[in-house]
Amino acid sequence: MRNDFYDDDPRTTWQNQPMEASTMSLVLIRQKARELHAKTRRQRLGTLTVPLVVAFFYAFCIKQFPQLRQVLYLLFTFALAWSLAGLYFLNRGKWTGEMPGDTGFSTGLEFCRREIERRRDYVRRGLLWSFGPVLLAIGTFLVALAIVAGTGIWSKAMPFMTLVVIWIGAYFVIRVRQERELQRAVDELSDVERENSR
């Protein structure tokens with residue numbers, strides 16, 4: 001042991017500590033695969049709400065603004081078709097079974113990697129296919145409201161507008177957090193593969 005220990009920077013000493021090898025057992029891989037699969041399934045089931053939200057705004061606007069039916073039919077039909085197409089494009093070929101119980105370590109890692117890639121693809125495409133139709137439906141509602149009620153409605157609609165802005169901000173914050181989490185999971189799997197290939 002060196003005598004000049006107290007002369008060193010504690011941060012440097014801490015950073016130069018030897019790293020402990022990361023070992024992950026097959027049981028942990030299976031548990032991780034189950035967690036990833038469950039998260040992906042919940043996320044995909046959440047896409048079913050998008051057409052319902054669009055349909056709600058569609059029904060509400062048609063009922064409240066009968067004088068704008070022609071324009072609203074066109075815009076909401078497009079938003080509904082967009083959201084239904086989003087269901088197809090987000091979920092096509094992505095429903096997979098659970099990891100079989102008799103898989104080996106490398107197969108379990110591959111299963112985890114594929115599940116992470118599925119989630120990453122979903123997060124990337126969700127902006128276009130899930131978020132877009134809902135924003136179009138909300139925007140159509142606000143334009144119809146402004147046409148019927150005039151500019152005086154904006155002061156009354158401010159709480160709703162504030163909630164929409166908060167929702168949009170929260171969506172992007174959650175999306176960035178999910179992307180970071182997925183990248184961290186990919187990095188963790190790469191570390192495990194490196195450690196276990198030694």
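The numbers here are math on the coordinates, done by the rules we state, and not lab data. Here the structure is a predicted model, which is why all the values come from computation and not from measurement. For neighbour counting, all protein chains shown are included, and Cβ atoms are generated from backbone atoms with ideal geometry for every residue, glycine included.
Using a 10 Å cut-off on Cβ atoms, rank the peptides 31-43, 176-188 from the highest mean neighbour count down.
Highest to lowest by the protection proxy: 31-43, 176-188.
Return the sequence-ordered ³J(HN,Hα) values of segment 152-157 in whole Hz as given by the Karplus equation 6.51 cos²θ - 1.76 cosθ + 1.60 applied to θ = phi - 60°, using x for Gly and Pro.
Running phi through 6.51 cos²θ - 1.76 cosθ + 1.60 with θ = phi - 60° gives x, 6, 4, 5, 6, 8 Hz.
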